[in-house]
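The values are calculated or read from the model by the stated rules, or taken from the named source; none is laboratory data. Model, not experiment: these values are computed from the prediction. For neighbour counting, all protein chains shown are included, and Cβ atoms are generated from backbone atoms with ideal geometry for every residue, glycine included. Quick note on the areas: whole protein, heavy atoms, side chains included, nothing else; ligands and nucleic acids left out. Shrake-Rupley method; radii C 1.70, N 1.55, O 1.52, S 1.80 Å.
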Amino acid sequence: MAGPYSEKVMDHFMNPRNMGEIEDADGIGEVGNPVCGDVMKLYLKIENDVIVDAKFKTFGCGAAIATSSITTELIKGKTIEEALKLTNEAVAEALGGLPPAKMHCSVLAEEALKAAIEDYRKKRKEK
Amino acid sequence: MSRIFFDSGSFTKMDRRVLEAMLPYLTERFGNPSSIFLKEGEIAKSAIEEAREKVAELINADPKEVIFTSSATESNNLAIKGLALARKNKGRKILFSQIEHYSVLNQADFLKSLGFQIEYVKVDKDGLIDMDDLDKKTRDGAILLSLLHASPEIGTLEPISEVSELLKERDVLLFCDAVASCGRIPVDVKEMGVDALSVSSQMLHGPVGASALYLRKGVEIVPLMQGGFQEMGIRPGTENVPAIVGFGEACRLAKEELEERRKKLEKLGKRLWDGIDSAIENIHFTGHREKRLPGHVSFWVEYVEGESLLIWLNLKGVASSTGSACASNIFARDETGLRASHVLTAIGVPPDLCHGSITFMLSKDNTEEEVEYVISVLPEIVDTLRKMSPLYEKHMREKIKGGTHGGTVQ
């Protein structure tokens, strides 16, 4: 079926990976997009600067859910430095592409990740 | 289970009997209706005239007042630009209701380039036209109002005869887009008091490619295309005979079965409304509760986005539509193509909340089993998406917190 989304997007939309919350998360990033009203919340569990677990909750369209889902997959096992190099284009590419009007969803995923890492660093300083 | 089509605001399935009526005109009965001295032309011409009578009968018009076009978009364009140009010496102000279809609203820039001004008449929270605002805006120099009979998005039926009475006093023409209502409820041009009205074949189980514009006798119009003498010169171009024949037959059937269809739609719509209302929390129905199209249920649910709802419904075999910005123009160059529905914005749904909107528009072909199926799957879908929604999580946390602090638990 040739809808507006790639098979990969549909797969992540229907079977989202790592959906949920991490109770004792080390970093939480919540970002919103005023255009769509989308809200993405990303939870990270970090040990020795390595992302050992990631979970998400998202309010939004098919692309928003799929980008959140794949982002958690892409960053798991990576160091913070590696994760920070993840761009929105890479997220979209990993999904087999996104319609132009939906590219902002991948931007949102990148921003959620950065916000979560920033939150982790802030919390560490406080400790 | 086969597909469940609850998106009759965009299309309806062609009736088998309509196809039967069309077949001869797609095969052996071919000919150009303008070839008046040829037998072939005579056959084609009489087929069109017969169809014209059937369309006229459905809307209580004289056949001479019915002009065939290719689509509702064409009818709406011909009506508004054609009537405006014919009246340009009387005034330049054209009024649109805020909730018109895109084939009306998107004429604004072009009309402005021709020297017309466009003003928008407000609607209330149920989508009914604001009579005070209309009164105010028709006092000086307005020449035409475009007001749809029923909104396909929220189902509200506009008080057309009340509006036409006021407009007559003010010498303002009334064009009414009856695409969503015709074939579902009685559409009587005389009772409504309209000067022009559009009807579409594909919305009443006829073939795509045919539509009509009713133009009241004596009302002047400027044709938008120049060519031969077809359709009294108002709409030149060789007629799409098979589609027009099918459209005529669809109108005849609609007239004959109108009461039966209306009753069925009313019953199915009521069951669907009550069923999802009792199964889903934090759901808000849109449009007027009583003054609405039968078999039309529209709503938005909190904490869930409409495109996601629509895709899940589609995956479960159900066709619906959404007013969510996210699904508005997905192939646009960039996200500026994404806009929340102008209809939901006009009735005052906050832009950040209209994302969860869904419209179910049923047709004569839908069944009780289909309604029950949708009632059973929709709550599951909403639940799945809510579990994923950080907004819902926040809501639940506040609800619990409110409870422990003695606040009201809803």
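Condition (residue is open to solvent by 50 Å² or more (accessible area, probe 1.4 Å) and either in contact with a strand residue (DSSP E or B) (Cβ under 8 Å, 6 or more places away or on another chain) or assigned to a loop (DSSP other than H, G, I, E, B) (or both)) applied to the range B:281-288: is it met by at least one residue?
Let us first name the residues in the range B:281-288 that are open to solvent by 50 Å² or more (accessible area, probe 1.4 Å), namely B:281, B:284.
Retained after the next criterion (residues that are either in contact with a strand residue (DSSP E or B) (Cβ under 8 Å, 6 or more places away or on another chain) or assigned to a loop (DSSP other than H, G, I, E, B) (or both)): B:281, B:284.
Yes, there is a match, as at least one residue in the range B:281-288 is open to solvent by 50 Å² or more (accessible area, probe 1.4 Å) and either in contact with a strand residue (DSSP E or B) (Cβ under 8 Å, 6 or more places away or on another chain) or assigned to a loop (DSSP other than H, G, I, E, B) (or both).
Applying the selection to the range A:28-42, what residues are closer than 20 Å to B:Glu393 by Cα, touching a helix residue (DSSP H, G or I) at 6+ places or on another chain (Cβ under 7 Å) and either open to solvent by 10 Å² or more (accessible area, probe 1.4 Å) or free of Cβ contacts under 8 Å to residues at least 24 places away in the same chain (or both)? Please lay out each step first, then the result.
Going residue by residue through the range A:28-42, those that are closer than 20 Å to B:Glu393 by Cα are A:28-34, A:36-42.
Still in the running and touching a helix residue (DSSP H, G or I) at 6+ places or on another chain (Cβ under 7 Å): A:28-31, A:33, A:36-42.
Matches in the range A:28-42: A:Ile28, A:Glu30, A:Val31, A:Asn33, A:Gly37, A:Val39, A:Lys41.
Being away from chain B (no Cβ under 14 Å) and in contact (Cβ under 8 Å) with a residue 24 or more places away in the chain is the filter; apply it to the range A:87-106 and report the residue that is nearest to A:Lys41 (Cα to Cα).
Taking the range A:87-106 first, the residues away from chain B (no Cβ under 14 Å) are A:87, A:89-91, A:93-96.
Those left that are additionally in contact (Cβ under 8 Å) with a residue 24 or more places away in the chain: A:91, A:94-96.
Working: A:Val91: 16, A:Ala94: 20, A:Leu95: 19, A:Gly96: 23 Å.
The qualifying residue nearest to A:Lys41 (Cα to Cα) is A:Val91.
Kindly provide the set of residues from the range B:312-337 that are modelled with pLDDT under 95, at the interface with chain A (Cβ under 9 Å from one of its Cβ atoms) and under 17 Å from B:Ser10 (Cα atoms), ordered by number.
Of everything in the range B:312-337, those that are modelled with pLDDT under 95, at the interface with chain A (Cβ under 9 Å from one of its Cβ atoms) and under 17 Å from B:Ser10 (Cα atoms) turn out to be B:Ser324, B:Ala327, B:Ser328, B:Asn329.
Any idea which of A:Lys57, A:Lys76 is open to solvent by less than 50 Å² (accessible area, probe 1.4 Å) and not β-branched (Val, Ile, Thr)? Give the steps one after another, and end with the answer.
Numbers: A:Lys76 fails: open to solvent by less than 50 Å² (accessible area, probe 1.4 Å).
Only one candidate qualifies: A:Lys57.
Got a sec? Which strands (runs of 3 or more DSSP E) wholly within the range B:146-260 have at least 2 residues that are within 19 Å of B:Leu293 (Cβ to Cβ)? Walk me through how you get there before you give the answer.
Numbers: elements: B:173-177, B:196-200, B:211-215.
Output list reads B:173-177, B:196-200.
Could you list, ordered by first residue, the pairs with Cβ atoms under 6 Å in which the first is in the range B:165-182 and more than 18 Å from B:Asp132 (Cβ to Cβ) and the second is part of a helix (DSSP H, G or I) and open to solvent by 10 Å² or more (accessible area, probe 1.4 Å), at least 6 apart or interchain?
B:Val179/B:Ala72; B:Val179/B:Met203
A:Thr87 fails exactly one of the following numbered conditions: (1) buried (at least 18 other Cβ atoms within 10 Å of the Cβ); (2) closer than 22 Å to A:Glu7 by Cα. What is the number of that condition?
Among (1) buried (at least 18 other Cβ atoms within 10 Å of the Cβ); (2) closer than 22 Å to A:Glu7 by Cα, A:Thr87 violates only (1).
When residues of the range B:353-376 are filtered for being within 14 Å of another protein chain (Cβ to nearest Cβ) and either outside any strand (DSSP E or B) or of a type outside the set (S, T, N, Q) (or both), how many remain? Reasoning before the result, please.
Of all residues in the range B:353-376, those within 14 Å of another protein chain (Cβ to nearest Cβ) come to B:353-358.
Narrowing further to those that are either outside any strand (DSSP E or B) or of a type outside the set (S, T, N, Q) (or both): B:353-356, B:358.
The number of residues fulfilling the criteria is 5.
When you check A:Lys123 against the structure, is it more than 30 Å from A:Gly3 (Cβ to Cβ), surrounded by fewer than 19 Cβ atoms within 10 Å (Cβ to Cβ), modelled with pLDDT of 95 or more and among the basic types (Lys, Arg), yes or no?
No; evaluated as a whole, the condition is false for this residue.
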